[in-house]
1. Evaluate the range 72-81: report whether one residue or more is within 30 Å of Ile221 (Cβ to Cβ), of a type in the set (Phe, Trp, Tyr) and surrounded by 12 or more Cβ atoms within 10 Å (Cβ to Cβ).
2. Being within 19 Å of Leu66 (Cα to Cα), within 13 Å of the chain's Cα centre (by Cα) and without any contact (Cβ under 8 Å) to a residue 40 or more places away in the chain is the filter here; which residues of the range 182-218 pass it?
3. Which numbered condition trips up Ala128, out of (1) open to solvent by less than 70 Å² (accessible area, probe 1.4 Å); (2) at pLDDT 85 or above?
4. I'd like to know if the range 54-72 contains one or more residues that are farther than 19 Å from Glu207 by Cα and either in a loop (DSSP other than H, G, I, E, B) or of a type in the set (A, V, I, L, M) (or both).
5. Arg26 passes all but one of (1) outside any loop (DSSP other than H, G, I, E, B); (2) of a type in the set (Lys, Arg); (3) loosely packed, with under 10 Cβ neighbours inside 10 Å; which number fails?
6. For the range 3-18: of the residues being assigned to a strand (DSSP E or B) and open to solvent by 80 Å² or more (accessible area, probe 1.4 Å), which is modelled with the highest pLDDT?
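The values are calculated or read from the model by the stated rules, or taken from the named source; none is laboratory data. No experiment lies behind these values; they were computed from the predicted model shown. Positions of Cβ are generated from backbone atoms using ideal geometry, with glycine treated the same way; all protein chains shown enter the neighbour counts. Ligands, DNA and RNA are stripped out before the accessible areas are found, and what is left, the full protein with its side chains, is counted by its heavy atoms. Shrake-Rupley method; radii C 1.70, N 1.55, O 1.52, S 1.80 Å.
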Amino acid sequence: MPVYSKTDPCRVMAVSVVYDKRNNRRFTSRDEGRMKFVLCFCSSVLHNTLSYQRERYLKSQTMSLLNVVEVLFTHMDNMDLLLQKIMEQAQELANAERCSLFLVDYDAQELVAKIFDSAVSDIDQPSAEIRFPLTQGIAGYVASTGDVLNIRDAYSHPLFYRDVDLSTGFRTRNILCFPIKNEDGQIIGVAELCNKIDGDYFTHEDENLAMQFSAYCAISIHQSMLYKDVTESQQRSRLANELMLYHMQVEDTEVKSLSKNPIMKPYEIGATFHQCSFLPRSIIEDETPAVNMLFRYLAY
């Protein structure tokens, strides 16, 4: 007999089956009425239980995502470490055996995958990377289309590349591949989860969780790139200031040598010197006393 939902009488929540009545007798209409009466109460209890489990799941999911945010946003100063943390957190959230992360290089039209060695304790050591065309394989398809791919049987999918399993000895059963988009909707990366541990395949709930997770990934990656650009800009500015200060320093011997030389007339330096249309670098090094004349001519 069907168990109908209290909130939606047309929706069947469960099915109750009673069989083998004692003494080899048949079930009667009276038995049906009793079952309907009992199942009315069961429906309320079942609805409350499922709602409670759903609330617990959502709370656990929210706490997990908050923990992800805390972990990711404390490692934005190191891109390699951030990418490693993203893979670890994605693997833990979806309860997967492995996770791969690919960044999109639009200039080269390639996907870039960082390779991390868990045995290496120094994360500051430069990491290797592999590159492949932007449209190749499952990750390439997701990067090109922006779709989420939930593949229950990897070996039956036409985009799956088996040679990776053959070379590593790892057996891929199922895959969840999802894009990482920035605030403008541009795909900046792709994450690929392999082998659901506590199930035969990744569920729809895993897809929703992955897309929520990808939003935080996009923010952290974008901020890490900005931090890197600002840091490099500061380094270039510091170097330029140091070079400028170095070249602004003049030795006393050069000052004395310059003061002993006679001041040249503008026409002696060049016919168009007074028009300031010449190239300063065209002045011969031995004739730099012209600088003295220029300052006097400008009333300095």
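1. yes
2. Ser214, Ala215, Ala218
3. (2)
4. yes
5. Checking Arg26 against (1) outside any loop (DSSP other than H, G, I, E, B); (2) of a type in the set (Lys, Arg); (3) loosely packed, with under 10 Cβ neighbours inside 10 Å, the one that fails is (1).
6. Ranking the candidates gives Val15 first.
Yes/no matrix, rows are residues, columns are (1) modelled with pLDDT of 85 or more; (2) surrounded by 11 or more Cβ atoms within 10 Å (Cβ to Cβ); (3) of a type in the set (S, T, N, Q); (4) touching an Asp or Glu at 6+ places or on another chain (Cβ under 9 Å):
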{"position": "His204", "(1), (2), (3), (4)": "yes, no, no, no"}
{"position": "Glu207", "(1), (2), (3), (4)": "yes, yes, no, no"}
{"position": "His222", "(1), (2), (3), (4)": "no, yes, no, yes"}
{"position": "Leu245", "(1), (2), (3), (4)": "no, no, no, no"}
{"position": "Thr253", "(1), (2), (3), (4)": "no, no, yes, no"}
{"position": "Lys265", "(1), (2), (3), (4)": "no, yes, no, no"}
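Residue-by-condition table, conditions (1) surrounded by fewer than 12 Cβ atoms within 10 Å (Cβ to Cβ); (2) of a type in the set (Asp, Glu); (3) under 19 Å from the mean Cα position of the chain (by Cα):
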position	(1), (2), (3)
Met1	no, no, no
Gln53	yes, no, no
Met63	yes, no, no
Glu70	yes, yes, yes
Gln84	no, no, yes
Glu92	no, yes, yes
Ala96	no, no, yes
